[in-house]
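A.B. asks: Pasting in a structure now, in structure tokens, and then I'll have a few things to ask.
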Amino acid sequence: MTRQNMVMQEQPTLTIAAAAAITESPSPFFRPPLRATGAAATYARHKKLLSRTDLGGGGGGGARRATSWIESMKASSPSQLSPAAAPVLATHGEDYDGWVKRHPSALHNFDELMAASKGKQIVMFLDYDGTLSPIVDDPDRAYMSDEMREAVRDAASLFPTAIVSGRCREKVSSFVKLSELYYAGSHGMDIKGPNDGPKHTKAKAKAVLFQPASEFLPMVDEVYKSLVESTKSIPGSRVENNKFCISVHFRCVDEKKWSLLAERVRTVLKDYPKLRLTHGRKVLEIRPTIKWDKGKALEFLLQSLGFDDCNDVLPLYIGDDRTDEDAFKVLRDRGQGYGILVSKIAKETSASFSLREPAEVLEFLCRLVEWKQFRADGK
Ligand SMILES: O=P(O)(O)OC[C@H]1O[C@H](O[C@H]2O[C@H](CO)[C@@H](O)[C@H](O)[C@H]2O)[C@H](O)[C@@H](O)[C@@H]1O
């Protein structure tokens with residue numbers, strides 16, 4: 001990354017590489033991924049598909065690539081799973097029970113989790129869609145409840161708290177409406193600290209604005225316009241400009257038209273090898289090929305807060321999407337903190353714990369606040 005790519009009011013002292021090099025002994029809750037046991041071969045095939053989310057840019061590929069796009073669109077949309085795979089990935093099936101043993105509920109294990117935070121500063125990282133707000137058809141109406149906002153506000157008054165989202169930073173902060181938070185929009189490619197300056201930091205207060213993909217702005221804008229034009233005849237499709245990345249939504253598109261949509265997107269991307277495509281929840285996500293993701297954003301924020309190269313921090317990252325896996329993986333690799341996946345179905349994940357839905361995220365945040373206040377009272 002070049003110096004010009006960094007738009008920072010004050011630069012953190014250590015490099016991201018240095019932060020990534022920190023090693024710690026694995027946490028008492030560390031669970032190595034379970035080897036597939038009696039799970040059906042179908043499940044293995046779907047796991048493979050689900051992990052194949054980065055399908056590269058538009059350059060080359062032809063029919064084989066188009067087919068794999070459709071497969072991935074289906075695989076990342078659980079209701080579209082084939083009947084053969086459905087029982088394995090179903091919410092109430094045996095296999096979900098097995099999965100939840102490997103990724104236990106963060107609520108049921110709350111006391112153990114808090115015990116692991118002894119002597120450590122908790123830092124909260126929260127994804128937005130599907131984590132703080134329920135998934136809805138219209139991305140412009142994905143509001144979080146006042147109750148959830150209150151819980152996030154309370155948490156942020158006690159712990160450094162960041163929202164890490166695929167959405168454009170301005171958009172997600174207009175939904176959350178809390179100026180005291182850190183926001184990492186565009187899958188972490190647009191990071192900004194609280195308006196009034198940071199609280200709870202170990203290091204001297206630093207105002208942060210970090211945009212590692214700024215040189216891609218004109219290209220992303222150009223591609224956004226082309227995608228709007230080329231997909232406008234497909235009913236239900238929707239293109240969202242997330243500033244440093246683009247979302248092409250197919251939640252409201254008839255499944256029979258998915259391949260047409262994929263083809264249109266692929267045709268536009270063909271001329272932009274510096275952009276890549278990944279899959280989210282009924283959404284195709286297009287972003288620069290730079291090595292930056294939610295995991296890098298997490299590391300950057302820990303570093304900015306003065307928590308790199310130290311043992312006395314416990315980052316907790318709550319998210320529901322494939323893009324959150326980059327952050328879960330960073331925590332696993334560092335052996336520090338915990339990823340908490342929000343999911344009602346069994347999913348391949350690097351998260352240690354799980355919560356079923358945003359309502360449980362709310363409960364978890366409320367318990368966290370209560371727990372901290374109780375401790376602060378010296379009880
Ligand atoms: O990282 P996130 O905060 O989870 O953002 C990921 C994408 O979220 C939004 O799309 C998703 O939520 C929509 C509203 O519930 C839903 O309609 C859509 O199907 C989901 O994919 C957002 O609109 C995207 O731009 C984000 O990339």
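The values are calculated or read from the model by the stated rules, or taken from the named source; none is laboratory data. Computed from a predicted model, the values in this text were never measured in an experiment. Cβ placement follows ideal geometry from the backbone for every residue including glycine, while neighbour counts extend to all protein chains displayed. Note: areas computed on protein heavy atoms with side chains; ligands, DNA, RNA excluded. Shrake-Rupley method; radii C 1.70, N 1.55, O 1.52, S 1.80 Å.
A.B. asks: Among the residues that make up the stretch 302-325, is at least one of them free of Cβ contacts under 8 Å to residues at least 40 places away in the same chain, part of a helix (DSSP H, G or I) and open to solvent by 40 Å² or more (accessible area, probe 1.4 Å)?
C.D. replies: Within the stretch 302-325, none of the residues are free of Cβ contacts under 8 Å to residues at least 40 places away in the same chain, part of a helix (DSSP H, G or I) and open to solvent by 40 Å² or more (accessible area, probe 1.4 Å).
A.B. asks: Among the candidates Arg322, Arg334, single out the residue that is out of contact with any helix residue (DSSP H, G or I) (no Cβ under 7 Å at 6 or more places or on another chain), over 21 Å from Gly119 (Cβ atoms) and not small (Gly, Ala, Ser).
C.D. replies: From the options Arg322, Arg334, the qualifying one is Arg322.
A.B. asks: Val123 is checked against (1) of a type in the set (A, V, I, L, M, F, W, C); (2) more than 18 Å from Thr323 (Cα to Cα); (3) open to solvent by less than 10 Å² (accessible area, probe 1.4 Å); (4) within 11 Å of the ligand (Cβ to nearest atom) and fails just one. What number does that condition carry?
C.D. replies: That leaves (4) as the condition not met.
A.B. asks: Would you check if there is a residue in the stretch 240-251 being touching a residue at least 12 places away in the same chain (Cβ under 8 Å) and in contact with a Gly (Cβ under 6 Å, 6 or more places away or on another chain)?
C.D. replies: No, the stretch 240-251 contains no residue that is touching a residue at least 12 places away in the same chain (Cβ under 8 Å) and in contact with a Gly (Cβ under 6 Å, 6 or more places away or on another chain).
A.B. asks: Residues in the stretch 81-115 that are modelled with pLDDT of 95 or more and not in a helix (DSSP H, G or I): how many?
C.D. replies: 7
A.B. asks: Let me ask another. Could you tell me which residue of the stretch 126-170 is farthest from Lys192 (Cα to Cα), considering only residues that are aromatic (Phe, Trp, Tyr) and within 10 Å of the ligand (Cβ to nearest atom)?
C.D. replies: Tyr143
A.B. asks: So which residues in the stretch 300-331 are more than 13 Å from the ligand (Cβ to nearest atom), of a type in the set (D, E, K, R) and closer than 25 Å to Val283 by Cβ?
C.D. replies: Lys329
A.B. asks: For the stretch 326-379, name all the residues that are among the charged types (D, E, K, R) and under 14 Å from the mean Cα position of the chain (by Cα).
C.D. replies: Asp326, Lys329
A.B. asks: Would you point out the residue of the stretch 238-277, among those that are within 18 Å of Asp127 (Cβ to Cβ), touching a Ser or Thr at 6+ places or on another chain (Cβ under 8 Å) and open to solvent by less than 10 Å² (accessible area, probe 1.4 Å), that is nearest to the ligand (Cβ to nearest atom)?
C.D. replies: Among those residues, the one meeting the criterion is Asn242.
A.B. asks: Here's a follow-up. I'd like the residue in the stretch 278-297 that is in contact with a strand residue (DSSP E or B) (Cβ under 6 Å, 6 or more places away or on another chain) and of a type in the set (A, V, I, L, M, F, W, C) and, out of all such residues, is surrounded by the fewest Cβ atoms within 10 Å (Cβ to Cβ).
C.D. replies: Val283
A.B. asks: OK, next. Six or more apart or on different chains, Cβ under 6 Å: which pairs go from a residue in the stretch 132-146 that's of a type in the set (D, E, K, R) to one that's within 7 Å of the ligand (Cβ to nearest atom)? Could you list them?
C.D. replies: Short answer, once both residue conditions are applied: Asp137/Arg251.
A.B. asks: Looking at the stretch 283-294, can you tell me whether even one residue there is under 25 Å from Ser157 (Cα atoms) and either modelled with pLDDT of 95 or more or more than 15 Å from the ligand (Cβ to nearest atom) (or both)?
C.D. replies: yes
A.B. asks: Listed residues Ala155, Ala116, Ala142; which is of a type in the set (Gly, Ala, Ser) and in contact with a Leu (Cβ under 6 Å, 6 or more places away or on another chain)?
C.D. replies: Ala155
A.B. asks: Here's something else I'd like to know. What tally of residues in the stretch 345-365 results from selecting those that are open to solvent by 60 Å² or more (accessible area, probe 1.4 Å) and either of a type in the set (S, T, N, Q) or at pLDDT 95 or above (or both)?
C.D. replies: So the count comes out to 4.
A.B. asks: Follow-up question, since we're still on this one. Specify the residue that is least open to solvent (accessible area, probe 1.4 Å); the eligible residues are those in the stretch 171-186 that are within 13 Å of the ligand (Cβ to nearest atom) and under 18 Å from Gln303 (Cβ atoms).
C.D. replies: Ranking the candidates gives Ala184 first.
A.B. asks: Turning to a different aspect of this structure: Taking the condition of being open to solvent by 10 Å² or more (accessible area, probe 1.4 Å) and in contact with a Cys (Cβ under 9 Å, 6 or more places away or on another chain), how many residues in the stretch 151-165 meet it?
C.D. replies: 1
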